[in-house]
Amino acid sequence: MRTVIEGATVFPVDRANSEYGTGHVVINHGVIEAVGEGSAPDLGPVDERIDGRGCLATPGLVNTHHHLYQWATRGLAQQSDLFNWLVTLYPIWAGLDEEITEAAATAGLVRLAETGATTVADHHYVFPQGAGDPFTAVVSAAHQVGVRLHAVRGSMDRGQSHGGLPPDSIVESLDDALHGTEAAIDRYHDPEPGSMVRVAVGPCSPFSVSQELMKEAADLARRKGVRLHTHLAETLDEERQCMAEFGCTPVEYAGRTGWLGEDVWLAHGIHLSDEAVGWIGNSGTGIAHCPTSNARLGAGIARVRDLIEAGAPVGLGVDGAASNEDGGLGGELRAATYLARLRGGPEALTARAAVWLGTMGGARCLGRQREIGSLEPGKQGDVVLWRLDGYEHAGIVDPVAALVFGPLPQVRLLLVGGKTVVEDGSIRTVSDVDTATALRRASSRLIRRAEEA
Ligand code: ZN
(Lines give C-alpha, C1' and ligand atoms only; values in the text may rest on other atoms or scores of the structure.)
Protein backbone atom coordinates (compact mmCIF):
# COMPACT_ATOMS: atom_id res chain seq x y z
CA MET A 1 0.00 0.00 0.00
CA ARG A 2 3.07 2.28 -0.10
CA THR A 3 3.78 4.42 -3.17
CA VAL A 4 7.02 6.34 -3.54
CA ILE A 5 7.53 9.16 -6.04
CA GLU A 6 11.15 10.21 -6.50
CA GLY A 7 13.15 12.48 -8.78
CA ALA A 8 10.46 15.13 -9.32
CA THR A 9 10.58 18.79 -8.49
CA VAL A 10 8.13 19.10 -5.59
CA PHE A 11 6.06 22.21 -4.86
CA PRO A 12 4.06 21.14 -1.79
CA VAL A 13 2.21 24.48 -1.22
CA ASP A 14 2.92 24.21 2.50
CA ARG A 15 3.11 26.96 5.13
CA ALA A 16 6.91 27.14 4.90
CA ASN A 17 6.73 27.83 1.13
CA SER A 18 9.00 24.82 0.58
CA GLU A 19 10.23 23.78 -2.85
CA TYR A 20 12.36 20.72 -3.50
CA GLY A 21 14.43 20.75 -6.70
CA THR A 22 14.70 16.94 -6.72
CA GLY A 23 12.37 15.60 -4.09
CA HIS A 24 10.13 12.76 -3.00
CA VAL A 25 6.55 12.12 -1.94
CA VAL A 26 5.63 8.93 -0.06
CA ILE A 27 2.01 7.81 0.26
CA ASN A 28 0.94 5.02 2.58
CA HIS A 29 -2.64 3.68 2.70
CA GLY A 30 -3.85 6.74 0.79
CA VAL A 31 -2.25 9.26 3.14
CA ILE A 32 0.99 11.23 2.69
CA GLU A 33 3.74 9.80 4.85
CA ALA A 34 6.76 11.88 3.82
CA VAL A 35 7.67 14.81 1.54
CA GLY A 36 11.10 16.32 1.12
CA GLU A 37 14.35 16.85 -0.76
CA GLY A 38 16.34 13.99 -2.27
CA SER A 39 15.51 10.28 -2.17
CA ALA A 40 12.68 8.96 -0.02
CA PRO A 41 13.60 7.72 3.47
CA ASP A 42 13.28 4.01 4.11
CA LEU A 43 9.90 3.68 5.82
CA GLY A 44 9.26 0.01 5.08
CA PRO A 45 8.23 -2.11 2.10
CA VAL A 46 7.37 -0.21 -1.11
CA ASP A 47 4.63 -1.49 -3.43
CA GLU A 48 5.10 1.01 -6.22
CA ARG A 49 8.04 3.22 -7.13
CA ILE A 50 7.35 6.07 -9.57
CA ASP A 51 10.14 7.78 -11.45
CA GLY A 52 9.20 11.46 -11.32
CA ARG A 53 12.20 12.79 -13.22
CA GLY A 54 11.22 15.58 -15.62
CA CYS A 55 8.01 16.23 -13.68
CA LEU A 56 6.67 18.76 -11.20
CA ALA A 57 4.68 17.35 -8.29
CA THR A 58 1.95 19.53 -6.79
CA PRO A 59 -1.10 18.88 -4.65
CA GLY A 60 -4.18 17.88 -6.65
CA LEU A 61 -6.14 20.90 -7.83
CA VAL A 62 -9.43 21.75 -6.13
CA ASN A 63 -12.30 22.94 -8.30
CA THR A 64 -14.60 25.07 -6.15
CA HIS A 65 -17.44 25.73 -8.60
CA HIS A 66 -18.94 23.76 -11.48
CA HIS A 67 -22.20 22.63 -13.08
CA LEU A 68 -21.26 19.30 -14.59
CA TYR A 69 -24.60 18.81 -16.38
CA GLN A 70 -23.69 21.76 -18.63
CA TRP A 71 -21.09 19.65 -20.40
CA ALA A 72 -24.05 18.54 -22.58
CA THR A 73 -24.86 22.11 -23.70
CA ARG A 74 -21.62 23.71 -24.83
CA GLY A 75 -21.14 26.28 -27.56
CA LEU A 76 -24.54 27.93 -27.22
CA ALA A 77 -25.40 31.60 -26.58
CA GLN A 78 -21.87 32.54 -27.57
CA GLN A 79 -22.26 36.32 -27.46
CA SER A 80 -24.65 36.56 -24.50
CA ASP A 81 -24.28 38.15 -21.11
CA LEU A 82 -25.30 36.12 -18.06
CA PHE A 83 -29.03 36.90 -18.01
CA ASN A 84 -29.52 36.39 -21.77
CA TRP A 85 -27.33 33.29 -21.67
CA LEU A 86 -29.53 31.87 -18.90
CA VAL A 87 -32.75 32.75 -20.72
CA THR A 88 -31.44 30.90 -23.81
CA LEU A 89 -30.26 27.85 -21.87
CA TYR A 90 -32.96 27.29 -19.22
CA PRO A 91 -35.51 25.92 -21.74
CA ILE A 92 -32.86 23.48 -23.02
CA TRP A 93 -31.95 22.41 -19.48
CA ALA A 94 -35.67 21.75 -18.91
CA GLY A 95 -35.12 18.54 -20.93
CA LEU A 96 -32.39 17.30 -18.59
CA ASP A 97 -32.80 13.88 -16.99
CA GLU A 98 -30.78 11.50 -14.86
CA GLU A 99 -29.16 9.71 -17.79
CA ILE A 100 -28.10 12.90 -19.61
CA THR A 101 -26.75 14.30 -16.35
CA GLU A 102 -24.66 11.20 -15.72
CA ALA A 103 -23.18 11.25 -19.23
CA ALA A 104 -22.37 14.95 -18.99
CA ALA A 105 -20.99 14.66 -15.44
CA THR A 106 -18.74 11.73 -16.37
CA ALA A 107 -17.28 13.61 -19.33
CA GLY A 108 -16.87 16.78 -17.29
CA LEU A 109 -15.10 14.91 -14.49
CA VAL A 110 -12.78 13.12 -16.93
CA ARG A 111 -11.76 16.48 -18.34
CA LEU A 112 -11.21 17.86 -14.83
CA ALA A 113 -9.09 14.89 -13.78
CA GLU A 114 -7.02 15.05 -16.97
CA THR A 115 -6.28 18.73 -16.21
CA GLY A 116 -5.16 18.13 -12.63
CA ALA A 117 -8.29 18.21 -10.45
CA THR A 118 -8.59 15.71 -7.61
CA THR A 119 -11.52 17.42 -5.81
CA VAL A 120 -14.57 18.87 -7.52
CA ALA A 121 -17.45 20.95 -6.18
CA ASP A 122 -20.50 20.55 -8.41
CA HIS A 123 -23.53 22.82 -8.03
CA HIS A 124 -26.59 21.06 -9.44
CA TYR A 125 -29.75 23.15 -9.32
CA VAL A 126 -31.91 21.94 -12.26
CA PHE A 127 -34.50 19.38 -11.17
CA PRO A 128 -37.21 19.17 -13.88
CA GLN A 129 -40.25 17.15 -12.89
CA GLY A 130 -40.06 13.51 -13.96
CA ALA A 131 -36.32 13.72 -14.63
CA GLY A 132 -35.37 10.96 -12.21
CA ASP A 133 -32.55 11.68 -9.77
CA PRO A 134 -29.88 13.86 -11.42
CA PHE A 135 -28.17 14.48 -8.07
CA THR A 136 -27.47 10.76 -7.66
CA ALA A 137 -26.25 10.72 -11.28
CA VAL A 138 -23.51 13.23 -10.40
CA VAL A 139 -22.52 11.27 -7.27
CA SER A 140 -22.35 8.08 -9.31
CA ALA A 141 -20.23 9.73 -12.04
CA ALA A 142 -17.72 10.98 -9.43
CA HIS A 143 -17.57 7.52 -7.88
CA GLN A 144 -16.77 5.96 -11.25
CA VAL A 145 -14.17 8.56 -12.26
CA GLY A 146 -12.60 8.41 -8.79
CA VAL A 147 -12.37 12.08 -7.72
CA ARG A 148 -13.55 13.66 -4.48
CA LEU A 149 -16.92 15.32 -4.85
CA HIS A 150 -18.52 18.21 -3.02
CA ALA A 151 -22.04 17.78 -4.32
CA VAL A 152 -23.94 21.01 -3.83
CA ARG A 153 -27.68 20.29 -3.78
CA GLY A 154 -28.90 23.38 -5.58
CA SER A 155 -32.43 24.69 -5.88
CA MET A 156 -34.59 27.32 -7.54
CA ASP A 157 -38.13 28.19 -6.38
CA ARG A 158 -38.67 31.43 -8.28
CA GLY A 159 -39.91 30.80 -11.81
CA GLN A 160 -40.99 33.42 -14.34
CA SER A 161 -44.47 33.70 -12.79
CA HIS A 162 -42.79 34.94 -9.57
CA GLY A 163 -40.43 37.41 -11.23
CA GLY A 164 -37.56 34.93 -11.61
CA LEU A 165 -35.61 34.14 -14.78
CA PRO A 166 -36.13 30.34 -15.05
CA PRO A 167 -39.26 28.88 -16.64
CA ASP A 168 -41.72 27.55 -14.04
CA SER A 169 -41.24 23.99 -15.34
CA ILE A 170 -37.71 23.71 -13.90
CA VAL A 171 -38.22 25.24 -10.46
CA GLU A 172 -39.30 23.40 -7.32
CA SER A 173 -41.61 24.49 -4.53
CA LEU A 174 -39.94 25.82 -1.39
CA ASP A 175 -40.84 22.61 0.48
CA ASP A 176 -39.63 20.28 -2.27
CA ALA A 177 -36.34 22.18 -2.48
CA LEU A 178 -35.74 21.93 1.27
CA HIS A 179 -36.86 18.30 1.53
CA GLY A 180 -34.77 17.30 -1.50
CA THR A 181 -31.74 19.04 -0.01
CA GLU A 182 -32.13 17.41 3.40
CA ALA A 183 -32.61 13.99 1.78
CA ALA A 184 -29.41 14.48 -0.25
CA ILE A 185 -27.44 15.31 2.91
CA ASP A 186 -28.86 12.31 4.80
CA ARG A 187 -28.10 9.98 1.92
CA TYR A 188 -24.68 11.11 0.72
CA HIS A 189 -22.87 13.46 3.12
CA ASP A 190 -19.81 11.81 4.62
CA PRO A 191 -18.11 14.05 7.21
CA GLU A 192 -15.24 11.62 7.91
CA PRO A 193 -11.67 12.76 7.13
CA GLY A 194 -10.68 11.73 3.61
CA SER A 195 -14.30 11.26 2.55
CA MET A 196 -15.06 11.03 -1.17
CA VAL A 197 -18.50 12.72 -1.03
CA ARG A 198 -19.64 15.72 0.96
CA VAL A 199 -22.92 17.50 0.39
CA ALA A 200 -23.50 21.25 0.63
CA VAL A 201 -26.66 23.36 0.49
CA GLY A 202 -26.93 25.60 -2.57
CA PRO A 203 -29.93 27.74 -3.55
CA CYS A 204 -28.91 28.93 -7.01
CA SER A 205 -28.79 32.74 -6.85
CA PRO A 206 -30.82 35.67 -5.48
CA PHE A 207 -32.55 36.13 -8.85
CA SER A 208 -33.86 32.55 -9.07
CA VAL A 209 -34.60 31.87 -5.40
CA SER A 210 -37.08 33.37 -2.92
CA GLN A 211 -35.84 35.13 0.19
CA GLU A 212 -37.53 32.42 2.29
CA LEU A 213 -35.57 29.69 0.54
CA MET A 214 -32.28 31.60 1.01
CA LYS A 215 -32.95 31.90 4.74
CA GLU A 216 -34.36 28.44 5.34
CA ALA A 217 -31.62 26.79 3.29
CA ALA A 218 -29.01 28.54 5.47
CA ASP A 219 -30.80 27.31 8.61
CA LEU A 220 -30.97 23.78 7.22
CA ALA A 221 -27.25 23.74 6.40
CA ARG A 222 -26.32 24.91 9.90
CA ARG A 223 -28.67 22.44 11.55
CA LYS A 224 -27.07 19.62 9.55
CA GLY A 225 -23.51 20.89 9.89
CA VAL A 226 -22.81 21.15 6.16
CA ARG A 227 -21.46 24.01 4.07
CA LEU A 228 -23.37 26.66 2.10
CA HIS A 229 -22.77 27.66 -1.51
CA THR A 230 -24.48 30.04 -3.95
CA HIS A 231 -23.75 32.46 -6.81
CA LEU A 232 -23.27 36.09 -5.77
CA ALA A 233 -22.26 39.45 -7.25
CA GLU A 234 -21.54 38.01 -10.68
CA THR A 235 -22.92 40.83 -12.85
CA LEU A 236 -24.05 44.45 -12.66
CA ASP A 237 -27.51 43.29 -13.86
CA GLU A 238 -27.76 41.22 -10.69
CA GLU A 239 -26.74 44.19 -8.56
CA ARG A 240 -29.35 46.43 -10.26
CA GLN A 241 -32.07 43.83 -9.73
CA CYS A 242 -31.08 43.36 -6.10
CA MET A 243 -31.12 47.11 -5.47
CA ALA A 244 -34.52 47.49 -7.16
CA GLU A 245 -36.09 44.55 -5.38
CA PHE A 246 -34.48 44.46 -1.94
CA GLY A 247 -32.98 47.95 -1.68
CA CYS A 248 -29.49 46.60 -1.04
CA THR A 249 -26.45 45.18 -2.80
CA PRO A 250 -26.05 41.41 -3.25
CA VAL A 251 -23.50 41.21 -0.42
CA GLU A 252 -25.82 43.10 1.96
CA TYR A 253 -28.58 40.73 0.91
CA ALA A 254 -26.29 37.78 1.65
CA GLY A 255 -25.62 39.21 5.10
CA ARG A 256 -29.35 39.66 5.80
CA THR A 257 -30.23 36.14 4.76
CA GLY A 258 -27.45 34.34 6.67
CA TRP A 259 -25.09 33.89 3.73
CA LEU A 260 -21.82 35.30 5.08
CA GLY A 261 -19.60 33.20 7.33
CA GLU A 262 -16.79 30.69 7.55
CA ASP A 263 -19.11 27.89 6.42
CA VAL A 264 -20.09 29.75 3.20
CA TRP A 265 -18.32 29.96 -0.14
CA LEU A 266 -19.72 32.10 -2.93
CA ALA A 267 -19.23 31.72 -6.68
CA HIS A 268 -17.78 34.78 -8.46
CA GLY A 269 -17.91 37.77 -6.06
CA ILE A 270 -16.95 40.18 -8.85
CA HIS A 271 -18.83 43.42 -8.26
CA LEU A 272 -17.85 44.33 -4.71
CA SER A 273 -17.39 47.69 -3.01
CA ASP A 274 -14.43 48.15 -0.63
CA GLU A 275 -16.89 47.72 2.22
CA ALA A 276 -18.20 44.45 0.76
CA VAL A 277 -14.64 43.11 0.33
CA GLY A 278 -14.14 43.88 4.04
CA TRP A 279 -17.33 42.09 5.08
CA ILE A 280 -16.39 39.02 3.08
CA GLY A 281 -12.86 39.01 4.48
CA ASN A 282 -13.90 39.60 8.11
CA SER A 283 -16.59 36.95 7.99
CA GLY A 284 -14.21 34.39 6.47
CA THR A 285 -16.57 33.80 3.54
CA GLY A 286 -14.90 31.95 0.68
CA ILE A 287 -14.90 33.04 -2.97
CA ALA A 288 -14.84 30.61 -5.90
CA HIS A 289 -13.09 32.68 -8.55
CA CYS A 290 -13.99 31.55 -12.10
CA PRO A 291 -11.81 33.66 -14.41
CA THR A 292 -12.55 32.02 -17.77
CA SER A 293 -16.31 31.90 -17.28
CA ASN A 294 -16.28 35.53 -16.12
CA ALA A 295 -14.38 36.48 -19.27
CA ARG A 296 -16.58 34.36 -21.59
CA LEU A 297 -19.73 36.11 -20.29
CA GLY A 298 -18.04 39.52 -20.06
CA ALA A 299 -19.12 39.62 -16.41
CA GLY A 300 -16.08 41.46 -15.05
CA ILE A 301 -12.82 40.79 -13.21
CA ALA A 302 -12.98 39.77 -9.55
CA ARG A 303 -10.91 41.70 -6.98
CA VAL A 304 -8.81 38.65 -6.16
CA ARG A 305 -5.81 40.52 -4.72
CA ASP A 306 -8.07 42.65 -2.49
CA LEU A 307 -10.08 39.65 -1.31
CA ILE A 308 -6.93 37.71 -0.38
CA GLU A 309 -5.56 40.73 1.49
CA ALA A 310 -8.89 41.10 3.30
CA GLY A 311 -8.49 37.54 4.59
CA ALA A 312 -11.07 35.76 2.44
CA PRO A 313 -10.32 32.19 1.36
CA VAL A 314 -10.20 32.35 -2.46
CA GLY A 315 -10.23 29.24 -4.64
CA LEU A 316 -10.51 28.61 -8.38
CA GLY A 317 -13.53 27.31 -10.25
CA VAL A 318 -14.15 26.23 -13.81
CA ASP A 319 -17.89 27.04 -13.64
CA GLY A 320 -20.26 25.15 -15.94
CA ALA A 321 -18.92 24.13 -19.33
CA ALA A 322 -21.72 26.09 -21.04
CA SER A 323 -19.79 29.24 -20.08
CA ASN A 324 -16.32 27.64 -20.18
CA GLU A 325 -16.19 25.13 -23.01
CA ASP A 326 -12.63 24.12 -22.11
CA GLY A 327 -13.90 22.64 -18.86
CA GLY A 328 -10.37 22.10 -17.52
CA LEU A 329 -9.02 23.35 -14.22
CA GLY A 330 -5.28 23.56 -14.93
CA GLY A 331 -5.81 26.39 -17.43
CA GLU A 332 -7.55 28.46 -14.77
CA LEU A 333 -4.17 28.95 -13.05
CA ARG A 334 -3.03 31.08 -15.95
CA ALA A 335 -6.43 32.70 -16.53
CA ALA A 336 -6.54 33.80 -12.87
CA THR A 337 -3.01 35.18 -13.05
CA TYR A 338 -3.61 37.14 -16.23
CA LEU A 339 -7.00 38.54 -15.22
CA ALA A 340 -5.61 39.65 -11.86
CA ARG A 341 -2.79 41.41 -13.74
CA LEU A 342 -5.17 43.10 -16.19
CA ARG A 343 -6.86 44.53 -13.15
CA GLY A 344 -3.94 45.23 -10.82
CA GLY A 345 -0.69 45.16 -12.81
CA PRO A 346 2.02 42.50 -13.20
CA GLU A 347 2.58 42.02 -9.47
CA ALA A 348 -1.09 41.41 -8.68
CA LEU A 349 -0.75 37.61 -8.71
CA THR A 350 2.39 35.48 -8.93
CA ALA A 351 2.54 32.01 -10.50
CA ARG A 352 2.99 30.54 -7.01
CA ALA A 353 0.00 32.46 -5.66
CA ALA A 354 -2.07 31.08 -8.54
CA VAL A 355 -1.11 27.52 -7.59
CA TRP A 356 -1.98 28.34 -3.98
CA LEU A 357 -5.47 29.49 -5.11
CA GLY A 358 -5.95 26.29 -7.10
CA THR A 359 -4.94 24.06 -4.15
CA MET A 360 -4.94 25.43 -0.56
CA GLY A 361 -7.29 28.29 -1.40
CA GLY A 362 -9.80 25.82 -2.79
CA ALA A 363 -9.35 23.48 0.17
CA ARG A 364 -10.13 26.36 2.53
CA CYS A 365 -13.27 27.28 0.54
CA LEU A 366 -14.49 23.71 1.00
CA GLY A 367 -13.46 23.55 4.67
CA ARG A 368 -10.89 20.82 3.97
CA GLN A 369 -7.62 22.62 4.66
CA ARG A 370 -6.60 19.94 7.17
CA GLU A 371 -7.12 17.10 4.69
CA ILE A 372 -6.18 18.29 1.21
CA GLY A 373 -4.66 21.25 -0.67
CA SER A 374 -0.98 20.67 0.19
CA LEU A 375 1.55 17.85 0.19
CA GLU A 376 2.26 17.37 3.89
CA PRO A 377 2.46 14.26 6.07
CA GLY A 378 -0.99 13.29 7.34
CA LYS A 379 -2.85 14.81 4.39
CA GLN A 380 -4.64 12.80 1.72
CA GLY A 381 -2.51 11.38 -1.07
CA ASP A 382 -3.96 13.67 -3.75
CA VAL A 383 -1.01 14.39 -6.03
CA VAL A 384 -0.45 15.56 -9.61
CA LEU A 385 2.74 14.88 -11.52
CA TRP A 386 2.93 17.41 -14.37
CA ARG A 387 5.20 16.43 -17.25
CA LEU A 388 7.72 19.14 -18.07
CA ASP A 389 10.31 17.18 -20.07
CA GLY A 390 9.03 17.86 -23.60
CA TYR A 391 9.88 20.67 -26.01
CA GLU A 392 6.82 22.58 -24.75
CA HIS A 393 8.51 23.39 -21.45
CA ALA A 394 12.20 22.85 -22.23
CA GLY A 395 14.28 25.76 -21.04
CA ILE A 396 11.66 27.45 -18.86
CA VAL A 397 13.93 28.06 -15.88
CA ASP A 398 11.23 27.82 -13.21
CA PRO A 399 9.00 24.69 -13.14
CA VAL A 400 6.16 26.54 -11.37
CA ALA A 401 6.22 29.24 -14.06
CA ALA A 402 6.29 26.43 -16.65
CA LEU A 403 3.05 25.06 -15.16
CA VAL A 404 1.25 28.40 -14.91
CA PHE A 405 2.62 30.42 -17.86
CA GLY A 406 3.54 27.61 -20.24
CA PRO A 407 1.22 25.29 -22.18
CA LEU A 408 -0.81 23.20 -19.71
CA PRO A 409 1.48 20.18 -19.17
CA GLN A 410 0.32 16.63 -19.67
CA VAL A 411 -0.68 14.96 -16.41
CA ARG A 412 1.85 12.14 -16.11
CA LEU A 413 0.05 10.83 -13.03
CA LEU A 414 -2.95 11.90 -10.94
CA LEU A 415 -3.48 10.17 -7.62
CA VAL A 416 -6.57 10.56 -5.45
CA GLY A 417 -6.02 9.09 -2.00
CA GLY A 418 -3.05 7.28 -3.51
CA LYS A 419 -5.13 5.64 -6.26
CA THR A 420 -4.27 6.21 -9.91
CA VAL A 421 -6.98 8.10 -11.80
CA VAL A 422 -4.98 9.56 -14.73
CA GLU A 423 -1.78 8.19 -16.25
CA ASP A 424 0.18 9.67 -19.17
CA GLY A 425 -2.57 12.18 -19.89
CA SER A 426 -5.41 9.64 -20.08
CA ILE A 427 -8.13 8.62 -17.69
CA ARG A 428 -7.63 5.12 -16.29
CA THR A 429 -10.86 4.60 -14.33
CA VAL A 430 -13.44 4.83 -17.12
CA SER A 431 -13.35 4.35 -20.88
CA ASP A 432 -12.84 7.66 -22.70
CA VAL A 433 -14.42 6.19 -25.85
CA ASP A 434 -17.59 5.12 -23.99
CA THR A 435 -17.68 8.49 -22.23
CA ALA A 436 -17.57 10.33 -25.55
CA THR A 437 -20.26 8.10 -27.10
CA ALA A 438 -22.60 8.53 -24.14
CA LEU A 439 -22.05 12.28 -24.11
CA ARG A 440 -22.68 12.67 -27.85
CA ARG A 441 -25.98 10.78 -27.52
CA ALA A 442 -27.01 12.67 -24.38
CA SER A 443 -26.21 16.04 -25.86
CA SER A 444 -28.12 15.46 -29.10
CA ARG A 445 -31.10 14.03 -27.18
CA LEU A 446 -31.22 17.15 -25.03
CA ILE A 447 -31.02 19.54 -28.01
CA ARG A 448 -33.67 17.51 -29.90
CA ARG A 449 -36.01 17.68 -26.91
CA ALA A 450 -35.66 21.46 -26.82
CA GLU A 451 -36.40 21.73 -30.57
CA GLU A 452 -39.51 19.56 -30.20
CA ALA A 453 -40.80 21.43 -27.13
ZN1 ZN B 1 -22.01 28.90 -11.79
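The table for this structure:
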{"item": "Residue in segment 62-70 that is surrounded by fewer than 24 Cβ atoms within 10 Å (Cβ to Cβ) and either more than 16 Å from the ligand (Cβ to nearest atom) or in the same structural domain as GLU239 (by TED's automatic domain parsing) (or both) present", "result": "no"}
{"item": "Unique residue being closer than 22 Å to VAL209 by Cα, within 13 Å of the ligand (Cβ to nearest atom), buried (at least 18 other Cβ atoms within 10 Å of the Cβ) and more than 18 Å from the chain's Cα centre (by Cα) when the list is ALA299, ALA288, ALA276, ALA267", "result": "ALA299"}
{"item": "Breaking point among (1) within 13 Å of the ligand (Cβ to nearest atom); (2) among the charged types (D, E, K, R); (3) under 22 Å from ALA117 (Cβ atoms), for GLU325", "result": "(1)"}
{"item": "Conditions (1) touching a residue at least 60 places away in the same chain (Cβ under 8 Å); (2) in a loop (DSSP other than H, G, I, E, B); (3) surrounded by fewer than 16 Cβ atoms within 10 Å (Cβ to Cβ); number of the one not met by ALA436", "result": "(2)"}
{"item": "Selection from segment 71-115 of residues that are within 17 Å of SER208 (Cα to Cα) and not in a loop (DSSP other than H, G, I, E, B)", "result": "LEU82, PHE83, ASN84, TRP85, LEU86, VAL87, THR88, LEU89, TYR90, PRO91, ILE92, TRP93"}
{"item": "Count of residues meeting criterion [surrounded by 17 or more Cβ atoms within 10 Å (Cβ to Cβ) and of a type in the set (D, E, K, R)] in segment 246-261", "result": "1"}
{"item": "Cross-chain or 6+ apart pairs with Cβ under 7 Å, segment 288-316 first and assigned by TED's automatic domain parsing to the domain that holds ASP237, then of a type in the set (Phe, Trp, Tyr) and within 16 Å of the ligand (Cβ to nearest atom)", "result": "ALA288/TRP265; LEU297/TRP85"}
{"item": "Tally of residues being more than 15 Å from GLN144 (Cα to Cα) and among the β-branched types (Val, Ile, Thr) across segment 80-129", "result": "6"}
{"item": "Subset of segment 308-321 (residues that are surrounded by fewer than 24 Cβ atoms within 10 Å (Cβ to Cβ) and either over 13 Å from ALA340 (Cα atoms) or touching a Gly at 6+ places or on another chain (Cβ under 7 Å) (or both))", "result": "GLU309, ALA310, GLY311"}
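The values are calculated or read from the model by the stated rules, or taken from the named source; none is laboratory data. Only a predicted model underlies this, so the values are computations on that prediction, with no experimental measurement involved. Cβ: placed from backbone, ideal geometry, glycine included. Neighbour counts: every protein chain shown.
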